[in-house]
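The values are calculated or read from the model by the stated rules, or taken from the named source; none is laboratory data. Only a predicted model underlies this, so the values are computations on that prediction, with no experimental measurement involved. Positions of Cβ are backbone-derived with ideal geometry, glycine not excepted, and every protein chain shown enters the neighbour counts. Just so you know, the surface numbers come from the protein's heavy atoms only, side chains and all, with ligands and any DNA or RNA stripped out. Shrake-Rupley method; radii C 1.70, N 1.55, O 1.52, S 1.80 Å.
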Amino acid sequence: MFRTASTATLASRFFISINHPRIAPLTIPLATLTNHAPVLSQSGATQWQKDSEYRRDEYHQQRRRRTGPVRFLVASSFLSWFSKKTDDEDTPESQLITILKRSILSIQKEEYQKAEQMLHLALKMAQDLQSKDGITYIYDIMANLAMEVGDFAKAEKLFVNVMQRLFSDGFLEDHIKMLHISSKIAHLAQLQGHLDKAAQGFEWTLAKLEEKLKQVGDENSKEIRELWGITKNWYAQLLMEGKRFAEAKQAFLQAYEAYTEIHGLLTEEGLTILNNLSVACSNLEDYASAERFLKEAIALAAQIPDLSEAGVYKANLGLLYLQQGLLQQASEFCTFAWRYGKQHKHEETVIQANYCLEQIKAMQK
């Protein structure tokens, strides 16, 4: 799934950016989908949550927005292994498969406690069947579930377990399944604030993926290319946290190219990357590029029915104009965003737009 982050402040003005939990001094961040304007205490002091809590809340917001099924890494090999065993619906193997399918459906329906209970039942069944592949697959689902609910430490531990089991089955470290997991482990390290560990993980994974892309033909490169794009996007978020905005911009551009090459232009994830590109450009004071990426996101968002984030992009553009002192344009877009947010009951859009309008009033005094 594809999301990122915020940046900083100049004087009393803020631009909030996408999924970037840390606010850096002396620059103005653009508005994002997950970060709001800073909350002021009664004394007027800015109150930021602790990094770990903020990352968890931020991640939950991303998952609520995400469309499409949860992806599990070793599903195809496991389910195909069982399908060769039996077509009898009354066998223990077929019953196990049914429980696993229901657990995945429960995760997709956000019935997490129900999914957890079914997975523990499935694990006991797989252990009774002495199914090594089945146990590995269930641990993989459990790891994804822990990641889904924001239990990052548990998810990391489970993914490491899956990786160790695949190693023992003869998988090499650069197998695509291993690289999927290594990318997720790096992302989990990032979400827990272990930024050096995350950087090492992303850079190692990207290097291995780039080696594989050189080795395979175009017809076999789709999965590798997609994982490379996902990992680039996460790595770009990490670069934003380190205020390495020029490198982040390049990584976002590469991620966007890879993602749209596979999934097309009209996706929420692709629009999020465009928004993040505008944030990186804003921090580089490349306002023309920042505006271009936001306008492209707004134009594409208009073609996706009921996309709640469409208002956020308008608010972001208003904040970008505000950053440049263009108050009339800022007021126009932020007012539109406020109305859009109210109409669609999208709280984040209203918060972003309200903040923008408040800043406009302050600058007009």
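When you look at Ala353, is it closer than 21 Å to Glu285 by Cα, in contact with a Gly (Cβ under 8 Å, 6 or more places away or on another chain) and of a type in the set (Gly, Ala, Ser), yes or no? Here the answer is no, as Ala353 does not meet what is asked.
Restricting attention to the stretch 243-257, the residues that are touching a helix residue (DSSP H, G or I) at 6+ places or on another chain (Cβ under 6 Å) and within 11 Å of Ala280 (Cα to Cα) add up to 6. As for the stretch 169-180, it holds at least one residue that is over 24 Å from Lys101 (Cβ atoms), open to solvent by less than 50 Å² (accessible area, probe 1.4 Å), in contact (Cβ under 8 Å) with a residue 40 or more places away in the chain and touching a Ser or Thr at 6+ places or on another chain (Cβ under 8 Å). Per this entry, Ser289 is not counted among residues that are in contact (Cβ under 8 Å) with a residue 60 or more places away in the chain, over 26 Å from Leu227 (Cα atoms) and in a helix (DSSP H, G or I). Among the residues of the stretch 241-275, those that are assigned to a loop (DSSP other than H, G, I, E, B) and either among the aliphatic types (A, V, I, L, M) or in contact with a His (Cβ under 8 Å, 6 or more places away or on another chain) (or both) comprise Leu265, Leu266. Pairing residues of the stretch 88-101 that are farther than 20 Å from Leu145 by Cβ with residues that are in a helix (DSSP H, G or I) and at pLDDT below 85, at Cβ distances under 7 Å and at least 6 apart in sequence or on separate chains, gives Glu93/Phe82; Glu93/Lys85.
For the stretch 137-179, name all the residues that are in a loop (DSSP other than H, G, I, E, B) and closer than 14 Å to Leu119 by Cβ. If you could, list the steps in order and put the result at the bottom.
Initial filter on the stretch 137-179 (in a loop (DSSP other than H, G, I, E, B)): 149-151, 169-175.
Val149, Asp151 - these are the residues of the stretch 137-179 that are in a loop (DSSP other than H, G, I, E, B) and closer than 14 Å to Leu119 by Cβ.
Between Glu269, Glu285, the distinction of being open to solvent by 60 Å² or more (accessible area, probe 1.4 Å) and either at pLDDT 95 or above or out of contact with any Leu (no Cβ under 8 Å at 6 or more places or on another chain) (or both) belongs to Glu285 only.
For Asp140, the test of being buried (at least 18 other Cβ atoms within 10 Å of the Cβ) and touching a helix residue (DSSP H, G or I) at 6+ places or on another chain (Cβ under 6 Å) is passed. Would you be able to say whether some residue in the stretch 159-177 is within 21 Å of the chain's Cα centre (by Cα) and modelled with pLDDT of 95 or more? Taking every residue of the stretch 159-177 in turn, at least one turns out to be within 21 Å of the chain's Cα centre (by Cα) and modelled with pLDDT of 95 or more. Sub-8 Å Cβ pairs linking a first residue in the stretch 102-113 that is free of Cβ contacts under 8 Å to residues at least 60 places away in the same chain to a second residue that is open to solvent by less than 80 Å² (accessible area, probe 1.4 Å) and small (Gly, Ala, Ser), at least 6 apart or interchain, are Ser103/Ala115; Ser103/Ala122; Ile104/Ala115; Ser106/Ala115; Ile107/Ala115; Tyr112/Ser106, ordered by first then second residue. Scanning the stretch 194-227 for residues being modelled with pLDDT of 95 or more, open to solvent by less than 30 Å² (accessible area, probe 1.4 Å) and among the small types (Gly, Ala, Ser) gives a total of 3.
Look at Leu158 and say whether it is touching a residue at least 40 places away in the same chain (Cβ under 8 Å), touching an Asp or Glu at 6+ places or on another chain (Cβ under 9 Å) and either surrounded by fewer than 20 Cβ atoms within 10 Å (Cβ to Cβ) or of a type in the set (A, V, I, L, M, F, W, C) (or both). So Leu158 does not fit the description; no.
The set of residues in the stretch 103-137 that are of a type outside the set (A, V, I, L, M, F, W, C) and open to solvent by less than 70 Å² (accessible area, probe 1.4 Å) comprises Ser103, Ser106, Glu111, Tyr112, Glu116, Ser131, Asp133, Gly134, Thr136, Tyr137. For Asp133, state whether it is under 24 Å from Thr98 (Cβ atoms), without any contact (Cβ under 8 Å) to a residue 60 or more places away in the chain and not aliphatic (A, V, I, L, M). Spelling it out, Asp133 is indeed under 24 Å from Thr98 (Cβ atoms), without any contact (Cβ under 8 Å) to a residue 60 or more places away in the chain and not aliphatic (A, V, I, L, M).
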